[in-house]
């Protein structure tokens, strides 16, 4: 994995540290490649949590009706 700190340079004109665009693009591509498919897994987990919360809400609603 690319460490951007290893490639930074100080741009005196801008008065800030910069990284060459080609290095930054390569780093971003590596991150996308590494985490590709993760969002699908995360969406599935969020759906499961949503369903569990709906089920708990329904259980509480049903319990309050009995009182």
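A few comments on the model shown:
- Scope the range 18-61; condition within 16 Å of residue 3 (Cβ to Cβ) and in a loop (DSSP other than H, G, I, E, B); matching residues: 19, 20
- The residues of the range 1-17 that are surrounded by 10 or more Cβ atoms within 10 Å (Cβ to Cβ) and in a helix (DSSP H, G or I), listed by number, are 4, 7.
- Looking across 14, 64, one residue alone is over 24 Å from the mean Cα position of the chain (by Cα) and modelled with pLDDT under 90. It is 64.
The values are calculated or read from the model by the stated rules, or taken from the named source; none is laboratory data. Values in this document were obtained by computation on a predicted structure and should not be read as measured data. In this analysis, Cβ positions are derived from the backbone assuming ideal geometry, glycine residues included, and neighbour counts consider all displayed protein chains.
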